[in-house]
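Note sheet for the following structure.
No lab work stands behind these numbers, since they all come straight from the coordinates. This structure is a prediction, so every number in the text was calculated from the model and none was measured. FYI the Cβ positions are ideal-geometry reconstructions off the backbone, even for glycines, and counts take in every protein chain you see.
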Amino acid sequence: MSNGKSINGLVKKQVFTTGEAAELCKVSQQTIIRCFDAGRLQGFRVPGSRFRRIPRSELIRFMQQNEIPTDLLESPAKRILLVDDDPQIIDVLKDSFDSDERFDVRSASTGYDAGILTEQFRPHLILLDYMLPDINGNVVCQRIRSNEKLRDTKIVIVSGVINQQEIDAMLKLGADAFIKKPFDVDALMGRIGELLEVQKR
């Protein structure tokens with residue numbers, strides 16, 4: 001499996017054989033098998049056989065951890081993480097983003113969940129509510145900016161109860177923009193499109 005056509009067939013799969021994983025990682029199949037058997041690459045065995053299978057999300061995690069380019073497996077859509085404890089705001093935003101093929105969206109309602117999802121999802125942009133139930137947005141912002149792997153992630157702070165001094169402090173911490181609640185969804189989408197440099201629909 002060494003031509004471009006076969007690779008293109010692989011990239012849409014959700015579960016991979018060790019041979020397919022080796023092809024995508026550009027390493028030998030034995031290397032993949034050793035990593036699997038050592039627990040460095042998670043997956044499962046086909047019942048009643050010795051065949052190993054690797055889920056797509058785990059293969060991407062393994063590739064990122066070992067600095068293997070994941071471009072082939074990643075959608076051209078920009079990944080956005082919505083972090084807000086107001087379910088109505090999340091619903092409105094998800095409705096807007098879900099109808100736009102330029103974006104792939106996940107959501108979290110606490111700083112803790114946002115931290116876990118940020119590691120797993122590696123968003124291109126985080127839309128971050130300043131006042132979360134368990135932690136303030138400035139702490140989340142600091143943690144993201146201290147992570148070398150997330151240095152290119154854009155951070156947009158949203159809040160209705162923040163003063164100019166706090167806004168300035170957030171921007172100094174590394175936030176890329178501030179948007180005041182209540183906001184116009186179309187204007188917000190436009191600003192996010194500008195930050196991520198995506199073409200207008």
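List of remarks:
- As a size descriptor, the averaged projected area of the C-alpha convex hull of the chain was calculated at 13.4 nm².
- Coupling constants for the range 108-117 follow from the phi torsions by the Karplus curve (6.51 cos²θ - 1.76 cosθ + 1.60, θ = phi - 60°), and in residue order they are 9, 10, 9, x, 5, 5, 4, x, 5, 5 Hz; glycine and proline get x.
- Anisotropy class of the range 78-196 from Cα gyration tensor, a/c 1.5 cut: rounded
- Extension gain from E119 to N136, taking 0.36 nm per residue of separation minus the Cα-Cα distance: 4.3 nm
- Neighbour-count ranking [beta-carbon atoms within 10 angstrom, fewest first] of L173, L72, L128: L72, L173, L128
- Residues S28, S96 arranged by fewest to most Cβ contacts within 10 Å: S28, S96
- Computed from phi, the 3J(HN,Hα) profile of the range 84-91 under the Karplus parametrisation 6.51, -1.76, 1.60 (θ = phi - 60°) reads 7, 8, 9, x, 5, 5, 4, 4 Hz, with x in place of Gly and Pro.
- For the chain, calculated [θ]222 nm from helices alone, where every DSSP H run of n ≥ 4 adds -39500 (n - 2.57): -12500 deg cm²/dmol
- GNM result for the chain, Cα springs below 10 Å: residue of F121, F51, F178 fluctuating most strongly: F51
- Karplus-derived HN-Hα couplings along the range 162-178 (A = 6.51, B = -1.76, C = 1.60, θ = phi - 60°), whole Hz, x at Gly and Pro: 10, 8, 4, 4, 5, 4, 4, 5, 5, 5, 5, 6, x, 5, 8, 6, 10
- Residues E148, E166, E20, E197, sorted so that the one with the fewest Cβ neighbours within 10 Å comes first: E148, E197, E166, E20
- Whole-Å distance, taken between Cα centres, linking the range 47-83 and the range 155-188: 32 Å
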